[in-house]
Structures are given as structure tokens and as C-alpha cells.
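Read the structure below first, then the notes.
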Amino acid sequence: MTMKTVNLSVTCQAEMDCPKEIVMWNYYDHEHLVGTHYKLYDHARVLAQRDDWALVYRGKKMPFLPFWSGGMALQYMEGNVMKTFHQDQLGFLLEMEVEFEDLPDDRCRITATYNIITHPIFKVFEPVFKALFRKWFWATWEEDAPMRLRRWKVHKLGFKDFSGIDYINECLPEPRDKRVPAFEFRPPISCLKAIKSVDGERRRFAHSTEVGYNDD
Amino acid sequence: MSNSVVKSNVSSEERDEIIISELGQQRVCPFLASMDELSKHGQLTKWIEGHDILLYIFEGKVKAISNICRHFGGPVGYHKAKGGKFTCLWHNWEYDCSSGACLTNSNLPLREYSLHIRDQKIYIDLL
């Protein structure tokens, strides 16, 4: 006999002024969780990783909930869709799909769908689930948006990971050829060893005086 | 900081800049910020001609380094410096305030820029 279930589901959609590969890079960057999102995540550890998948432990604080909780996530790419299965300490299995679409003029659209398939008794909590995950989507979006836009901006200046922009770092003349190569997303993203260690990577700040971005 | 400023100049296009002369060469240094602006937080960032500058006061000296993290290009000066080091927002790479040396990967220091202060205004040599 199969148990009856309900699917609690919510979809969030937004657009960005950068190519979709930048956003894919951002979603697939596990180290930035305790950096960019230091108010939302306090711990991240990559337990296993190959080119297009990763098993990651994350310690985070969801909106509205008064406690930090840990959870395991299996994250992988299927073409232009990133899929994540996230099991948290409360026992829920969250299935998340993020679809990345190109738009004209180096823009893109991101559609994130969160699903929890669970016992029908939880159907009554669906409005709470929707509010929680909408809030989560927009909280992380607001912190990620300037990161993506800056990543695209420095790419256009000639920055490459660990190198590039020699007119700044090496004091060389600024190149005349300003053609911008396509941004390539090639997982896995190179990262510090700490996040792959037993201790993982912890956030460095519980509180910070933020001077902020100035990228406009 | 160099003392080789030969003259101040506000061009016809109202660009605030000074011209310095070093080793027989003249260089234009654009205005970056006022001391007033800087003293508010002791640290600020500003884009100028394709350079992202992190301007700050460290041990009483006004200094400027590149604000573009050598790792993935993040904003080094997003957090106010703590314990004599900057920590990049994105992935926590650390840099020494005294020199811009990278404490996470010693092969990847940030560029330090020369500054010239005239009449409470800070000018930067981008070359």
C-alpha cells in the first residue's frame, strides 16, 4: 500500500543583467555560502565532488525560523537545469530545480522551483512553506545579485580567475583590444582546501561593519 | 607618497586632476576622494577609469590598493578592515592592510597605488 503524499511547491522567477553562465557559476560556488551569505550560512563542507555534481553539508538559518540547522545537499547539473536534493535536520527532503535561460543583450532568466513531497497533514502549512521559500529566494538573490553583476563587470575588464587585468596588477598598458570573450562555466569551481576538509569552511564574521559595494 | 607634484590643474572639462613629474615624465593623476569623504569610515571604494580602488587609512597613513580580489574578482574592501587585514566578501581571501600582500596566497598580492594629497584632496596615480 502506498502512502498518500502532497507536494508543497513554490516557483520564483527573476532576471539578471548578465549571461546565464555567470549565475550558474554563482549557484555552483559552494565557498561563497559562508562569504557572500555569511548572515545566512555559518558552515559549508564539500564532502564529495566531481565535474558536474557535489555533495555538500551546509549550516544555515532560514527566514522566520529562530534556529540554525544543518543539512546535506546533492547538487548537479542537467544541461541548463541545476537540481538539488536537500535533506535537512527536520527530516524534510527538499527538491529544487533551477532553470537558466538566455535572454537578449547578455541577460538571463532564472526560474527556481522548490518542492517538498510529504505527508498530507502538512498541506495545512503550504502557505507558510511558500512564504518561507519566497523569502529565502529573495534574501539570497539580493546578496547574490551584486556578486553576479560584479563578476560580469570584471570579466569584461579582462579579469580571469587568479590572473588577468594586467593593466592593474602588473601596471602594464591597458590593452586596446577590448573584445569580451564569452564567460565559460566549467565546474567544478576551484576552491580552497578548507571547504573539502573535515572541518569545512566557517564564516569569518558573525557581525561586520559593511562598507559595501560601489559598482554602479 | 611622492612630493614631485609640479602643478594642480582643473581642465576645461572640469576634470579635477594634478600633473606630476617623475624621472622626466609627466603623469596625470585624477582626483579620487576628499579627506572628508575618507574620514567618515576610514575606508571607501571607488571605480575610476577601469580601476576599482580601495582607499583607507592604516596606522595614520592614507593608502590605496586594488579592490579586485585576485581569486575571483570580489570586493576586498566590502567589510571594514579588522586586525590589520581585509577579508574579501565572496570567499574570505585575506589581504594585509600595510602592503596589500595576500595572506591566503602569497603569490597574488594586490597592487598598491601611489597617492598625492593636495588641499585635503586625494589624487591617484593609475599608471
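A:Ile165 exposes around 10 Å² of accessible area when a 1.4 Å probe is run over every protein chain in place.
Working from Cα pairs under 8 Å separated by at least six residues, relative contact order for the stretch A:8-199 is 28 percent. Spacing of the modelled spin labels on B:Ile117 and A:Phe92, each 7 Å from Cα toward Cβ, amounts to 5.4 nm. For B:Tyr95, neighbours were defined as the other residues whose beta-carbon sits under 14 Å from its Cβ, and their charges (Lys and Arg +1, Asp and Glu -1) total +3. The Rg/Rh ratio of the stretch A:150-216, with both radii computed over alpha carbons and Rh defined as the Kirkwood radius, is 1.06.
When B:Ile19, A:Ile168 are compared by accessible area of protein heavy atoms, the largest-first order is B:Ile19, A:Ile168, using a 1.4 Å probe.
Measuring between alpha carbons in the structure, the pairs from A:Lys20/B:Lys85; A:Lys196/B:Lys82; A:Lys135/B:Lys46; A:Lys153/A:Lys178 lying more than 22 angstrom apart are A:Lys20/B:Lys85; A:Lys196/B:Lys82; A:Lys135/B:Lys46. When the solvent-accessible area of the protein assembly as shown is split by element, carbon and sulfur atoms take up 51 percent of it, the probe being 1.4 Å. Short to long, the 10 Å bins of the Cα pair-distance histogram for chain B hold 13, 43, 31, 12, 1 percent of all pairs.
Calculated on the alpha-carbon coordinates, the convex hull of the stretch A:1-86 measures out at 168 cubic angstrom per residue.
Both the radius of gyration and Dmax for the stretch A:8-199 are 18.2, 66 Å, in that order, over alpha-carbon atoms.
With the whole protein complex present, A:Asp102 retains an accessible surface near 100 Å², based on a 1.4 Å probe. Between A:Leu74 and A:Ile117, the simple spin-label model (points 7 angstrom out along Cα→Cβ) gives 1.3 nm. The residues of the stretch B:48-127 expose on average 34 square angstrom of accessible surface per residue, using a 1.4 Å probe on protein heavy atoms. Considering the protein assembly as shown, its Cα convex hull presents a mean projected area of 21.1 nm². Rounded to the nearest 10 degrees, the angle from helix A:126-157 to the longest Cα principal axis of chain A is 10 degrees. Interface residues of the stretch A:181-216, defined as those losing at least 20 Å² of solvent-accessible heavy-atom surface relative to the isolated chain (probe radius 1.4 Å), are listed as A:Leu192, A:Arg204, A:Phe205, A:Thr209, A:Glu210, A:Val211, A:Gly212, A:Tyr213, A:Asn214. Over both sides of the A-B contact, add up the buried accessible area with a 1.4 Å probe and give it to the nearest 100 Å². What A and B bury together is about 3300 Å².
For the stretch A:18-120, the solvent-accessible area with a 1.4 angstrom probe is 41 square angstrom per residue.
When the residues B:His41, B:His71, A:His207 are ordered by accessible surface, computed with a 1.4 Å probe over the protein chains alone, the sequence from largest down reads A:His207, B:His41, B:His71.
The values are calculated or read from the model by the stated rules, or taken from the named source; none is laboratory data. Just so it is clear, the model here is predicted, and its values are computed rather than measured. Note that each Cβ is placed from the backbone with ideal geometry, even for glycine, and that neighbours are counted across all protein chains shown. Each accessible area value is taken on the protein alone, full model and side chains, heavy atoms only, with ligands, DNA and RNA left out. Shrake-Rupley method; radii C 1.70, N 1.55, O 1.52, S 1.80 Å.
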